[in-house]
Structure formats: structure tokens, C-alpha cells
Amino acid sequence: MTCAPALIDRHGRTIRYLRISVTDRCDLRCRYCMAEQMVFLPKAALLSLDEIAIIAERFIARGIDKIRLTGGEPLVRRDVGDLVKRLGRHVGAKGPGGHLNELTMTTNGNRLAEHANTLVDAGMRRINVSLDSRDPDLFRHITRHGDVARVIGGIFAARDAGLAVKINMVALKGWNEGEIAPMLAWCRDEGLDLTLIETMPLGAVDEDRTDRFLPLTAVMDDLQAQFPLIRDAHNSGGPARYWRIADTDTRLGLISPLTANFCDTCNRVRLTTEGVLYTCLGHDDQVDLKAILRAQGVDGLDAALDAALLTKPARHDFDIAAASPAVARHMSVTGG
């Protein structure tokens, strides 16, 4: 593998962060994310794990230094640990083929207890766990059938294995707004970080998202009245802005695509489980890297990546009040 020019889009932003959906399948059915009766891709349509690794390694050679594995739920894909180990070899590596500063994962935590040690052994040092409520009944309602005790057990297993854990919590009006401050207190007490996320209009679901949209500007007013929050310059490589609870190591992140647009610093692209590259979560411009890899091999990827970046928009067009979602695909297709 040889180094090639850095990935720079037409707006002058250098792309250093690749999010890879290893599967569109999930063992939960969160109401704001999926319809209850989802139709998933046939296995024959997916990239093989070897193809995912080949594409990822070409991105690494072009200057990508952070990769996040997502889904769906990445830990439901058989042998995903082999992919983690292969990519983990690039963490901190030196040489002409580039290197990763970080390999991480977003998971729902359902299968985390059985995989935590494998992730650590492969070079992963931190993960994000989606957890919108610690109340068993509300968690089961939001996820349609989830067991919060299993998820929390996975979080503790990951922490005990040596993984830094950040909780991702989607702020949902009328459902979990009363749990946000208690969730932050719990994270402080357990040595975890918390990131709050505004719900995004992606894919048709069985709920009206306008009923659930909770702007984080209002949430922060409440949290600052209860916690000694100070601005933190931490940069995780993603879109979150950070605060820290004074005299602790617990960080609070905010991802607010609707109330505080962050597109001017976007450094991310997304690879779907069927090999389609999206340069923006909120647009449909795409390049089929699977087709190019299978027809032209690795040599065809560079030109495809350069062409894709010429289509990357300046910003997304999310509008929570729009009659239809910003894009038809669900978050689980693009990668959470």
C-alpha cells in the first residue's frame, strides 16, 4: 500500500474520519431510528469483511486516521472481531501506508459483555454505547423489546475490560427529558462520559419526530442550573462540542445538527454495509465503492474517492418539521 494525496473536499475540508456500517441489522428496534417491521438487506448484497478492510485500508493510505465501526448493531455481524483485529493493526502503526490514531465503535451494548475483551485485545480503547433511558419500562418502550439490565451489564463489562465508555443519549421530548440530568449524574458517578444528540429526520419511522424533538439549547439551560459545567476544548474528531463537570473527568458532549449546525468543520464520510460511500448524512450523493472494487480492484478506488469528494455539500438540510425525512434511508443503513 502506498500513500496518496490527502482527501480534501471542494470546500477545503480535510477528511480524516471514516464511519463504516458493518451491517444494517440490529437486535433492537428503537422507535426514532427504525420502523417496527424493517426489511434488511440480503446477505449477498453486503460487502464481505475482507472487502470492508481493503476499502478501509485505502482510506487510511489517503490520510484517514479515525475509523468508527457502526451499524445497525455491529456486534450482530458474525466474525466482526476479525475485522476489528485487522484494522486494529493500523492503530499507531508507522510506515508509508498510513496509520490510525483511533479505532472505535458505536454499539447498543446488548452483546458487549461477550465482546469487550476482544475489542480491547484488538487495539480498541474507547466505545460509544447508545442508552436513551435507564428506566426498564421506558427503555423497553423506546427499543420495543430491549432489556436495559443487559445493556448496563455490558457497559460495566466494557469498563472493567479497560474500555473508556461514552453514553450516547438521544434527547426525546415527552419520553426521556426527565432522565437527562440523572443520566449525567450517573455517568459522573460511574466514570463515564455522556453525549446528548438531537433526533434527526432520517428514514420513515412509525412515530412523528416533531413530537419528540427536544432542542439541546433548552436541555443545556437545565443542566447548567444543576451541574458546574465548564467548557472543555476536547476534540474527539467528530461533531460534538464538549463541557466537563468541574472537579471530575466526566465530559458532556452535545451533537446538535438542528439547533447548532456543525457542518463547516465536517471531516467525515460514511461507508454503508453494501459498499456505498455517502459524503453527507443528510444528502443522497453517493459512489458505489463495492462495484468499483470488484470491477477495478484497489487501483480504482482513488479516483472514486476523489470524485466523491467533489459532491460533498457544504451542509446538510435537516428540517425536523418537514413533511418527509431529509433522506429516505434509515440511520441504520448509513451507519449511526
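Atom-type composition of the exposed protein surface of the chain places 49 percent of the accessible area on carbon and sulfur (1.4 angstrom probe). About its Cα centre, the dipole of the stretch 1-55 is roughly 240 debye, where the only charges are +1 on Lys and Arg Cβ and -1 on Asp and Glu Cβ.
FRET efficiency for the pair Asp121 and Ala44, taken as 1/(1 + (r/R0)^6) with r the Cβ-Cβ distance and R0 = 30 Å, rounds to 0.45.
The value of relative contact order for the chain, using C-alpha pairs under 8 Å at least six residues apart, is 22 percent.
Along the chain, the exposed loop sites are trypsin sites (Lys or Arg not before Pro) outside DSSP states H, G, I, E and B with at most 16 other Cβ atoms within 10 Å, and the longest stretch free of them is 174-314. Taking R0 as 51 Å, what's the FRET efficiency between Asp247 and Lys85 from their Cβ-Cβ distance, rounded to 0.05? Once rounded, the FRET efficiency stands at 0.85. For the chain, lysine pairs separated by 8 or more sequence positions, or belonging to different chains, with Cα-Cα distances below 23 Å total 11. Of the residues Val80, Ala116, Gly92, the one whose Cα sits farthest towards the positive end of the charge dipole of the stretch 1-128 is Gly92 (charges of +1 on Lys and Arg Cβ, -1 on Asp and Glu Cβ, taken about the Cα centre). In this calculation the C-beta distance from Ala164 to Arg140 is compared with R0 = 30 Å, giving a FRET efficiency of 0.60. Using C-alpha pairs under 8 Å with a sequence gap of at least 6, the mean separation divided by the residue count of the stretch 1-159 gives a relative contact order of 25 percent.
The GluC sites (Glu not before Pro) of the stretch 27-74 that DSSP puts in a loop, and whose beta carbon has at most 11 other beta carbons within 10 Å, are Glu36.
Charged side chains reduced to their Cβ positions (Lys and Arg at +1, Asp and Glu at -1) give the chain a dipole of some 800 debye around its Cα centre. Remind me, relative contact order of the stretch 86-206 in percent, using alpha carbon pairs under 8 angstrom and six or more residues apart? Computed value for the stretch 86-206: 23 percent relative contact order. With the other protein chains left in place, how much accessible area per residue, in square angstrom, belongs to the chain at a 1.4 angstrom probe? Accessible surface, normalised per residue, equals 41 Å². Estimated from helices alone, the mean residue ellipticity of the chain at 222 nm is -8500 deg cm²/dmol (sum of -39500 (n - 2.57) over DSSP H runs with n ≥ 4, per residue).
The values are calculated or read from the model by the stated rules, or taken from the named source; none is laboratory data. As the structure is a computational prediction, the values presented were derived from the model and not from experiment. Virtual Cβ from ideal backbone geometry, glycine too; neighbours counted across all protein chains shown. When the accessible area is computed, the model is the full protein with side chains, heavy atoms only, and any ligands, DNA or RNA have been set aside. Shrake-Rupley method; radii C 1.70, N 1.55, O 1.52, S 1.80 Å.
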